[in-house]
Every structure is written in structure tokens, then in C-alpha cells.
1. Determine, for 85, 182, the number of other Cβ atoms within 10 Å of each Cβ, and report the residues in order from fewest to most.
2. Which of rounded, prolate, oblate describes the range 144-252, given a ≥ b ≥ c as roots of the alpha-carbon gyration tensor eigenvalues and a/c under 1.5 marking rounded, otherwise prolate only if a/b is larger than b/c?
3. Provide 20, 236 in ascending order of the number of other Cβ atoms located within 10 Å of each residue's Cβ, fewest first.
4. If you average the sequence gap of Cα pairs under 8 Å that are 6 or more apart and divide by the length of the chain, what percent do you get for the contact order?
5. Between the range 1-76 and the range 80-129, what is the separation of their alpha carbon centroids in Å?
6. How many nm is it between the label spots at residue 69 and residue 245, if each spot is 7 Å from the Cα in line with the beta carbon?
7. Express in nm, to one decimal, how much length is gained between residue 99 and residue 166 on full extension, taking 0.36 nm for each residue of separation and deducting their alpha carbon distance.
8. For a quick check, take a GNM of the chain with Cα springs below 10 Å and name the residue from 46, 234, 69 with the largest mean-square fluctuation.
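Throughout, read-outs are computed from the coordinates displayed, never taken from laboratory work. None of these values were measured; they are calculated from a predicted model. Using ideal geometry, Cβ is built from the backbone for each residue, glycine included, and neighbour counts are taken over all protein chains shown.
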């Protein structure tokens with residue numbers, strides 16, 4: 001990644017703006033929204049190659065490689081969040097081009113930042129505001145999942161500042177832990193354990209660069225820095241050290 005990349009992480013999604021030159025084939029547990037800005041981008045999966053001037057949405061755990069000769073906007077979304085639920089319902093396919101109004105608004109906002117009419121802090125704030133408009137709190141829109149898991153996702157959103165135990169969330173949904181885990185994975189595409197790992201990562205990320213990886217790993221409940229780094233790469237597609245080396249981290 002070149003040195004003029006920018007990134008920010010929230011509890012429910014992270015965005016990365018720049019040009020990613022070392023993006024090898026990988027897969028992760030986040031939904032991925034890849035948006036073209038200055039030039040078309042291409043997303044290659046095991047089954048197809050999608051080239052677009054708009055955006056490609058990838059479901060969790062789809063092996064892929066993204067290439068683009070110019071700057072682009074990449075958003076990684078927690079599929080176990082209300083925001084992730086919204087984007088997950090936009091297409092039944094594992095990978096698809098999308099040209100919805102939210103994509104157009106995000107592209108326009110990113111271009112304003114690239115054209116220096118928005119500073120980095122204001123750009124980050126506008127991205128958060130746009131994503132806040134498109135989540136599954138609007139109950140009349142794109143709800144086709146299990147109502148109990150929708151209830152769980154809302155509960156996790158309301159308690160995103162802490163780790164919610166499996167027994168607690170299952171009881172909240174009036175389900176046994178095993179039944180809850182089964183329904184949760186079927187609805188979100190990720191296990192509840194993976195969802196909690198995402199939460200641990202987002203709690204640690206504001207301190208990336210301020211503390212050692214070992215300190216972050218232990219404070220976030222990981223066995224060691226290797227476990228933390230491996231989980232980070234599984235979720236985001238590149239390692240914490242790559243982020244620190246090549247990007248400007250924007251606090252949110």
C-alpha cells in the first residue's frame with residue numbers, strides 16, 4: 001500500500017482509501033464493498049472476474065483478489081452488525097456488481113476528499129453518517145432473515161463497547177446456546193465466535209501504533225501478538241504491521 005492511503009475503523013465497519021498494490025488472493029470474515037473512484041477496479045474470485053466503474057459487494061469468506069490502477073475506496077463491514085445485515089441483503093450472490101444510491105453517495109463523498117474539498121476528519125465523519133443511514137433499524141427495508149437473529153444483531157449493536165457472552169445473547173433471544181449459534185451463522189455467514197473476535201479487534205484498533213502488538217493482544221484477550229495479527233489479517237486482508245507502515249490511521 002502506498003504512503004498516501006487512509007483508513008479508519010469503527011465498531012461495525014472499517015474503510016480504506018488508497019491504492020493497494022500488494023493485495024494477493026485472500027478471504028476474510030467481513031463483507032467487502034469495493035468502490036472504483038479514479039479508474040475501474042477488478043475483483044477476481046474463484047468463479048468469476050468482475051470489472052466495474054461502480055462497486056462490487058463480496059460476501060464473507062469468498063476468496064478474492066482486488067486490482068485497480070488508481071485510488072479506490074474499500075469498506076469492510078461486520079456481517080453481524082445491523083449495518084452488515086443491510087448490505088448482506090442487497091444481493092443473494094456471493095459476489096455482485098452494485099449501483100445503488102448508497103454506493104453513489106459514497107463515491108461522491110470519496111471524490112470530494114480526493115479533490116481536496118473535504119479534509120480527512122470531515123471525510124471520515126461523512127462516511128460514518130452515510131453508513132448510519134443504511135442499516136437495519138429501518139424495519140420495513142430488506143428484512144428477510146430470522147427475527148431472533150435480527151434481535152441479536154440489534155442487541156450486539158447496543159452493547160458494542162463490550163464482549164457479550166454466548167449464554168447472555170442466547171438467553172436474550174430465548175434460544176439454547178447451540179440453537180443460537182446455528183441460526184446466527186446461517187443468517188450472518190459467520191460464527192458467533194468470529195463476531196466476537198471482530199469486536200475485540202475494533203476495541204484494540206484505536207491504540208494501534210500507541211501500544212505494542214503484544215500489549216494489544218493481551219488486553220484484547222488474544223493469546224499472543226501472533227494470534228492477534230493472524231486474526232487481524234483474517235478480518236481485514238492485511239496485517240497490523242502493513243497498516244502501520246503504509247497508511248494514515250484516522251481516529252474516529
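1. By the 10 Å Cβ count, ascending, the order reads 182, 85.
2. Prolate, because a/c is 1.5 or more and a/b exceeds b/c.
3. With the sparsest Cβ surroundings first, the list reads 20, 236.
4. 23
5. Each part's Cα centre sits 12 Å from the other's.
6. For the pair residue 69/residue 245, the computed spacing is 2.6 nm.
7. Working it through step by step, the gained length comes to 20.4 nm.
8. 46
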